[in-house]
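K.L.:
Have a look at this one before I ask anything.
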Amino acid sequence: MSTATHIQLLTPQHWKDYELIDCGDFEKLERFGDYILIRPEPQAVWPKALGDAEWEKRYHIKFKGRSATSGEWLRKDPKGADRWHISYKNQDVAIKFRLGLTSFKHVGIFPEQAVNWDYISESVKSFKTPNPKVLNLFAYTGGASLIAKAAGADTTHVDSIKQVVTWANENQELSGLSDIRWVVEDALKFVKRELKRGNTYNGIILDPPAYGHGPKGEKWKLEDHIREMMQDVVKLLDPQEHFLILNTYSLGFSSVIVENLIRTSFPKVENLEIGELYLQATAGPKLPLGVFGKFRKLK
């Protein structure tokens, strides 16, 4: 019997405040709310659809890299804001984010993750379990945590960097939410502690970086640690009713690798979906932004 799984290609459907306008020549032109930004994009190896002159005319703020990990923002209007707000809304929930210009080209949100947010809110709303418990690991500025909380979940948010957890808390307040549990800790250590305590969750979201560090200098390298993480994490899932999302943004990872990881860690998996997330540029190209595996079991 074949266990072949259809590989999906998914892009956000509900973003009013975000638009990928164009991408190419290792850059992307994006609108976040009222601001249009140019940022580096290593995967955009094709030429721009709109051309340099059109990009120059449209942008408000541009990131100029100085090294592989840092750079500076150049504004057309020197008085322009370096912080602003955007919203996200699907048929179940609505949340808000504070965006900001960081020294490493990020603005506090990964827009392609909206595909996973829709799966989270839909899953939480479908559960029969009252106040289902959701764990968001490598949780960054909290998009998935806010969505889970807004959908009615008892939510725990784990990230190793204190500043981004503070940022996530700002987003919670902006979104009119409260009582997310904030944990500044190495994700793998936290999972092992939860196993010892006998805790379980109805939903788990993992969006690990290719490389990272815990608060005490713990090293995270995706290909070295993801197997151990997956084998531990699936033991935290409530056996009756659950969902899990594994999302990876690493050039060496394919959705088939993610499928194999999930199937070997959790042989009794039901309703497994795998695929690739992308952003559809208004000007035409598709920008690939990571691979996912997700599954759920309802009562």
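The values are calculated or read from the model by the stated rules, or taken from the named source; none is laboratory data. Keep in mind that what you see is a predicted model, and the values were worked out from it rather than measured. Neighbour counts run over all protein chains shown; Cβ positions are idealised from the backbone, glycine included. Just the protein is used for accessible areas: all its heavy atoms, side chains included, with ligands, DNA and RNA removed. Shrake-Rupley method; radii C 1.70, N 1.55, O 1.52, S 1.80 Å.
K.L.:
So which pairs qualify, if the first residue must be in region 44-73 and over 17 Å from residue 20 (Cα atoms), the second must be assigned to a loop (DSSP other than H, G, I, E, B) and among the hydrophobic types (A, V, I, L, M, F, W, C), the Cβ gap must be under 7 Å, and the two must be at least 6 apart or on different chains?
P.N.:
So the pair list comes out as 69/104; 70/104; 73/101.
K.L.:
Residues that are surrounded by fewer than 17 Cβ atoms within 10 Å (Cβ to Cβ), at least 3 per element: which strands (runs of 3 or more DSSP E) completely within region 12-86 meet that?
P.N.:
So the answer is 71-75.
K.L.:
Would you say residue 196 is of a type outside the set (S, T, N, Q), assigned to a helix (DSSP H, G or I), open to solvent by 50 Å² or more (accessible area, probe 1.4 Å) and touching a residue at least 40 places away in the same chain (Cβ under 8 Å)?
P.N.:
Numbers: of a type outside the set (S, T, N, Q): yes; assigned to a helix (DSSP H, G or I): yes; open to solvent by 50 Å² or more (accessible area, probe 1.4 Å): yes; touching a residue at least 40 places away in the same chain (Cβ under 8 Å): no.
No, not satisfied.
K.L.:
Taking region 241-299 as the region of interest, how many residues are out of contact with any helix residue (DSSP H, G or I) (no Cβ under 8 Å at 6 or more places or on another chain), among the hydroxyl-bearing types (Ser, Thr, Tyr), surrounded by 16 or more Cβ atoms within 10 Å (Cβ to Cβ) and in a loop (DSSP other than H, G, I, E, B)?
P.N.:
Result for region 241-299: 1.
K.L.:
Among the residues of region 210-235, what is the count of those that are in a helix (DSSP H, G or I) and either hydroxyl-bearing (Ser, Thr, Tyr) or touching a residue at least 40 places away in the same chain (Cβ under 8 Å) (or both)? Give the steps one after another, and end with the answer.
P.N.:
Let us first name the residues in region 210-235 that are in a helix (DSSP H, G or I), namely 222-235.
The next check asks that each one be either hydroxyl-bearing (Ser, Thr, Tyr) or touching a residue at least 40 places away in the same chain (Cβ under 8 Å) (or both); those that pass are 228-229, 232-233, 235.
Matching residues across region 210-235 total 5.
K.L.:
Need pairs with beta-carbon distance below 6 Å; first residue more than 19 Å from residue 245 (Cα to Cα) and within region 274-299, second polar (S, T, N, Q); sequence gap 6+ or separate chains.
P.N.:
280/11; 286/280
K.L.:
Right, residue 152: modelled with pLDDT of 95 or more, in a loop (DSSP other than H, G, I, E, B) and out of contact with any strand residue (DSSP E or B) (no Cβ under 6 Å at 6 or more places or on another chain) or not?
P.N.:
When the stated conditions are applied, residue 152 passes them.
K.L.:
With the structure loaded, tell me whether residue 215 is over 27 Å from residue 273 (Cβ atoms) and of a type outside the set (A, V, I, L, M, F, W, C) or whether it fails that test.
P.N.:
Answer is yes for this residue.
K.L.:
Still on this structure, please answer the following. Of all the residues that make up region 97-117, how many are in a strand (DSSP E or B) and farther than 19 Å from residue 64 by Cα? Before you say what the answer is, go through the steps one by one.
P.N.:
Here is the first cut: in region 97-117, the residues in a strand (DSSP E or B) are 97-100.
Remaining after also requiring farther than 19 Å from residue 64 by Cα: 97-98.
Residues that pass the stated criteria total 2.
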